[in-house]
Amino acid sequence: MTTRARATVTVSWPEANTRRLARQHLAAPAPSASASASPAEAVGAMLGAHAQVLSAAELSVGLRGDGLTRTDVRAALWAEGTGESGRTTLVKTFGPRGTVHLLPVADLSLWTGALSAVPTGPNLFSKDARMTPDQVEAVVAAVGDALQGVELTVDELSDEVVARTGPWAGDLVMPAFQTMWPRWRQVLHLAGHRGALAYAPNRGRKATYTNPGCTPMPGPAALAALVERYLYAYGPATPAHFARWLAAPKRWAAEQFASSAASGAIEEVEFADEGSAWVVAGDTDFPDEPARGVRLLPYFDAFTIASHPRERLFPGTAYERALGGGQAGNYPVLLVDGTVAGVWHQRRSGRRIAVTVEPLKPLPAPRLRDLEEQVERVAAIMEGTAELTVGTVTVGPHA
């Protein structure tokens, strides 16, 4: 019988939170030009920018660099205006939790290797709508083949997949947005995780897809690397935190941590109210000073999604006001000294951006000035002119 060594390092919540903010390029004051992150570096630091709403991803990335704008993010994603045709540093595809993310092109092999090795949950589709394992493999292969060297809308891709696999793939059996989708679309995100599909520039208002030409890294090596990157960005963390971030089984996540611990890649610490948690081996330096300053983070910003314990990041009334059933990201949030202290909303009309911020407690004059500066920074990133109102946010989540 082996006895696990007792953790010798104790990490407080303020220490962990302050280091996470710094590693996310969110520490106050704003990053200097010498320390500023490029779009790809910013996305790499946060482990992917949630991009279901692309404007939110643009703001997430822009906040982490000095002078970055949404145009810079679009240039990194689509090579627009760079003068380097076809050269991109970001890719839009299916990332953690099967949701649309921006990821660094340089890390795509690691991401696809890791995500394709994460166990899938129970099949929630009806028996008549499900696909057999062989059908899943056939569809993923057909998607990859159909998208080689071209950009197709989902309808064009559907025609190609059905032609390569059979009429069964086109059966309208998936309920979706008051209509029915063809059977094959239930594995669209899996094709992204396998490296067979990524987004291409929109064709008018229609999304298009292409094959990014990525060869996934072997699963075990990719997962080990992802554990270390997660702990570097968001540690100390537990296997349960990692599982929640990936939407993966807790037991499986515990096995990944145990494997990394056995190899000496990660080490155990005592963390706040969580008890045992993990960091990258040797990565036990934490700042002495607590976080300071004001930040406005958009929907589903990676910092609010991946940071735990959530009760510490969303203290008191923030847990009820800024979360949806315990789920982070439903509201853009106001951070004051590193914790959620309110919600906000923006409404754009041309270049005018009307920003309403609802602090959960009155802000003193110095914090109001900081807030005004943050609103101006949001406007600069989004290439508009901001008007600030401090008051109640009346719209609901995802508005």
Practice task
State all residues of the range 151-165 that are surrounded by 15 or more Cβ atoms within 10 Å (Cβ to Cβ) and small (Gly, Ala, Ser); if no residue qualifies, say none.
Solution key: SER158
Practice task
Please find, among GLU137, GLU84, the residue that is more than 14 Å from the chain's Cα centre (by Cα), surrounded by fewer than 23 Cβ atoms within 10 Å (Cβ to Cβ) and modelled with pLDDT of 95 or more.
Solution key: GLU137
Handout entry: Single condition GLY170 does not satisfy, out of (1) crowded, with 19+ Cβ neighbours inside 10 Å; (2) modelled with pLDDT of 95 or more
Key = (1)
Completion exercise
Per the filter on the range 329-354, residues free of Cβ contacts under 8 Å to residues at least 60 places away in the same chain and of a type in the set (Gly, Ala, Ser) are ALA341, GLY342, SER349, GLY350, ALA354
Problem - Subset of the range 300-333 (residues that are closer than 23 Å to TYR230 by Cβ, surrounded by fewer than 19 Cβ atoms within 10 Å (Cβ to Cβ) and acidic (Asp, Glu)) - result: GLU311
Practice task
Could you tell me whether ASP288 is over 17 Å from the mean Cα position of the chain (by Cα) and among the acidic types (Asp, Glu)?
Solution key: yes
Practice task
Could you please let me know if PHE286 is touching a residue at least 24 places away in the same chain (Cβ under 8 Å), at positive phi and either assigned to a loop (DSSP other than H, G, I, E, B) or among the aromatic types (Phe, Trp, Tyr) (or both)?
Solution key: no
Problem - Residues of the range 6-38 satisfying the condition of being over 17 Å from TYR232 (Cα atoms) and either in contact with a Cys (Cβ under 6 Å, 6 or more places away or on another chain) or at pLDDT 95 or above (or both) - result: none
Handout entry: Residues of the range 181-217 that turn out to be part of a strand (DSSP E or B) and touching an Asp or Glu at 6+ places or on another chain (Cβ under 9 Å), as a count
Key = 8
Completion exercise
Scanning the range 270-291 for residues that are under 24 Å from ALA221 (Cα atoms) and surrounded by fewer than 22 Cβ atoms within 10 Å (Cβ to Cβ) gives VAL280, ALA281, GLY282, ASP283, THR284
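The values are calculated or read from the model by the stated rules, or taken from the named source; none is laboratory data. Because the structure is a prediction, the values reported are computed rather than measured. Glycine gets a Cβ as well: all are built from the backbone with ideal geometry, and neighbour counts include every protein chain shown.
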